[in-house]
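The values are calculated or read from the model by the stated rules, or taken from the named source; none is laboratory data. Just so it is clear, the model here is predicted, and its values are computed rather than measured. So basically every Cβ, Gly included, is an ideal-geometry build from the backbone, and we count neighbours across all protein chains shown.
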Amino acid sequence: MNILFCSLEEGFRGISVRYMSSYIKSKGHSSKILFFNRDRQVHPSSAGFGAEEVSEFVDFIKNHKIDLVGISIMTENFLEAKDLIVKAKKNLPLTKFVLGGVHATVCPKECVETGADFVIAGDGEVPLYKLISGDDPKKINGLAFMSDNKIVINPPVPSESIDLKDLPFPDWGFEDVFFFKKDKIEGLNEKDFKAGSTWSGKYYPLTTSRGCPYHCAYCCNVNRYSIKRNSIGKIMDELEYIKKTLPFTCGLNIQDDSFYLGSDEWIAEFCRELKIRFGWPFIVRLMPRLVGEKRIEILKEGGVEFVSMGIQGSDRLNKELYDRNETSENFLTACKILRKYNIKYIIDVLLDNPYETEEDLKEIALTLSKTPKPFGVNAFSLTLFPGTKLCDKAKADGYYEKFSTDPYEGQTLQTYSFLTKLYRHEYDLGKTGKYTTPVAWRKLIYAIAPMAPEGTVKRIIEQGVLTEKSSREIDSLYKRYSVMVRFGNWFKELAPSLFVVAINIYMKIRGEKTKA
């Protein structure tokens, strides 16, 4: 069969469709990849697709004689996918449409109702291969579809998922890869790939495992089975392939949910082989309570450069609402260890939570102010994803309508976006009864606590964050620090390696001042 895999996310990462493409090719079928690459600030999901885009899409499918279109979606892509399928199928009566991804796994019934011919829940390789091989859909686990005006949902069976060692490398070549450039579909080349990728595409988004043992109440992660990890040899072979395919690669952005949970021996071997064979620095995600000095020393020696780590909320919110076994004490201990080994880190925080109190915000701000500087904060609007424990709780508590975010519109709205009016609800929430974290607190947590002296943050909190006096001081500090943050983000995107050198120098100078 001739299959087209589509990604509706921004940029050209598309890890899921790249794996699916390479797997299907390995089975003897033809595969192409299409990135819609829509800017969420310009094209919100609910806006759907214009006539020119749909016409271009339909013509592309006809010209390339596509038999089946596979679309990978998260919740924020659902409305777009629905609009695209409804409009495209009018002119493509013989082309089959298949939805897969996180939202298809969590809400298969809703996805079937889009008009898709089939929906795949869970890992997609095996169900899709069985489908295109002619197996009876009723006997394919993980498949949902309409039959005799009734929706049939076959639950996925995790044990049937393909072993990672049997997966070919994800399809990262430029051959048969296309993207929307404005309203026209063009072949993707290196120049456009770099222009539309984080860090100019120089940090390869490596996946070494699948699965996550955590059960955070807000998380829509569907891979909550035992971790399946690839072999070191297979991973290094993949990186050799990437070195040839994307020769501008100079680092790794490890995507694993649970990379840190491997054994010391596995981590040590990975770091040793990576350093010897490639010498690439890498970025990794950590859980604060698991950070120990021995493991960090191994990672540092292996080339870890940046760490992403979540404080998310106060101790109360983490324990009572988020189901995260994390404390501010564990968090600060982890940051001190990272700083000891001169490892940069960025911190995730959840705001716009109707359950949060001033005491919760105070604890978050004070904890961040005590954290060794410098560091950045990614502050996200708490979003109720379908199928999560927190979503069910909010509905039961009567809090669902108080949340200002809409998972179908955008799942990663960061708090700094209100400055450029990208946070669409910011200026009319007073009329809707929805909740957002007060702007002064948002500024204090996002930009001031990570940059200002601890004493300054403590004084502002003691005199009342929402007082007129504090508001003036917060606005003044925010103007100063937000410029630094935006410059840092720009510098990091433009020249990742130089950015790291500059940060290392800054950390050394700041460390010497602190000692003095």
(message) Can you find a residue that is surrounded by 16 or more Cβ atoms within 10 Å (Cβ to Cβ), among the basic types (Lys, Arg) and within 19 Å of Asp117 (Cα to Cα) anywhere in segment 67-87?
(response) yes
(message) Restricting to segment 71-88, count the residues that are touching a Gly at 6+ places or on another chain (Cβ under 6 Å) and over 17 Å from Gly11 (Cα atoms).
(response) 3
(request) Considering only segment 69-98, state which residues are assigned to a helix (DSSP H, G or I), of a type in the set (S, T, N, Q) and either modelled with pLDDT of 95 or more or out of contact with any Phe, Trp or Tyr (no Cβ under 8 Å at 6 or more places or on another chain) (or both). (result) Asn77
(request) Filter segment 36-68 for residues that are within 10 Å of Asp183 (Cα to Cα) and either among the basic types (Lys, Arg) or part of a helix (DSSP H, G or I) (or both) and give the result. (result) Ala51, Glu52, Glu53, Val54, Ser55, Glu56, Phe57
(message) Cβ-Cβ distance below 8 Å, separation of 6 or more or different chains: which pairs start in segment 343-358 with a residue that is over 20 Å from Tyr435 (Cα atoms) and end on one that is basic (Lys, Arg)?
(response) Ile343/Lys300
(request) Give segment 240-265 a look and list any residue that's closer than 15 Å to Gly173 by Cβ and either among the basic types (Lys, Arg) or outside any loop (DSSP other than H, G, I, E, B) (or both), or say none. (result) Glu240, Tyr241, Ile242, Lys243, Lys244, Thr245
(message) Quick check on segment 170-185. Is at least one of its residues surrounded by 13 or more Cβ atoms within 10 Å (Cβ to Cβ), among the charged types (D, E, K, R) and in a strand (DSSP E or B)?
(response) yes
(request) Would you point out the residue of segment 232-252, among those that are acidic (Asp, Glu) and surrounded by fewer than 15 Cβ atoms within 10 Å (Cβ to Cβ), that is farthest from Phe278 (Cα to Cα)? (result) Asp237
(request) From Leu79, Leu99, grab the single residue that is in contact with a helix residue (DSSP H, G or I) (Cβ under 8 Å, 6 or more places away or on another chain) and within 18 Å of Phe180 (Cβ to Cβ). (result) Leu79
(message) What's the total number of residues in segment 54-82 that are in contact (Cβ under 8 Å) with a residue 60 or more places away in the chain and either in contact with a strand residue (DSSP E or B) (Cβ under 7 Å, 6 or more places away or on another chain) or over 21 Å from Leu188 (Cα atoms) (or both)?
(response) 20
(request) State all residues of segment 1-22 that are within 16 Å of Gly122 (Cα to Cα) and touching a Gly at 6+ places or on another chain (Cβ under 9 Å); if no residue qualifies, say none. (result) Ser16, Val17, Tyr19, Met20
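Thr371: under 18 Å from Ile448 (Cβ atoms), among the hydroxyl-bearing types (Ser, Thr, Tyr), crowded, with 22+ Cβ neighbours inside 10 Å and in contact with a Phe, Trp or Tyr (Cβ under 9 Å, 6 or more places away or on another chain), yes or no? Working first, answer last.
Working: under 18 Å from Ile448 (Cβ atoms): yes; among the hydroxyl-bearing types (Ser, Thr, Tyr): yes; crowded, with 22+ Cβ neighbours inside 10 Å: yes; in contact with a Phe, Trp or Tyr (Cβ under 9 Å, 6 or more places away or on another chain): yes.
So Thr371 fits the description; yes.
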(request) For segment 214-233, state whether one or more residues are assigned by TED's automatic domain parsing to the domain that holds Asn253, outside any loop (DSSP other than H, G, I, E, B) and under 17 Å from the mean Cα position of the chain (by Cα). (result) no
(request) Quick one: in segment 265-318, of everything that is on the phi > 0 side of the Ramachandran plot and in contact with a Gly (Cβ under 8 Å, 6 or more places away or on another chain), which residue is surrounded by the fewest Cβ atoms within 10 Å (Cβ to Cβ)? (result) Gly279
(message) Residue pairs, Cβ under 6 Å, 6 or more apart or interchain, first in segment 154-167 and in contact (Cβ under 8 Å) with a residue 60 or more places away in the chain and closer than 22 Å to Val119 by Cα, second among the acidic types (Asp, Glu) and assigned to a loop (DSSP other than H, G, I, E, B). List them.
(response) Ser161/Asp123
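Against the definition (outside the structural domain of Met236 (by TED's automatic domain parsing) and surrounded by 14 or more Cβ atoms within 10 Å (Cβ to Cβ)), how does Ala144 come out, yes or no?
yes
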(request) Quickly run through segment 1-19 and pick out the residues that are surrounded by fewer than 18 Cβ atoms within 10 Å (Cβ to Cβ) and part of a helix (DSSP H, G or I). (result) Ile15
(message) Need the failing condition index for Thr207 against (1) part of a loop (DSSP other than H, G, I, E, B); (2) out of contact with any helix residue (DSSP H, G or I) (no Cβ under 8 Å at 6 or more places or on another chain); (3) polar (S, T, N, Q), just the number.
(response) (2)
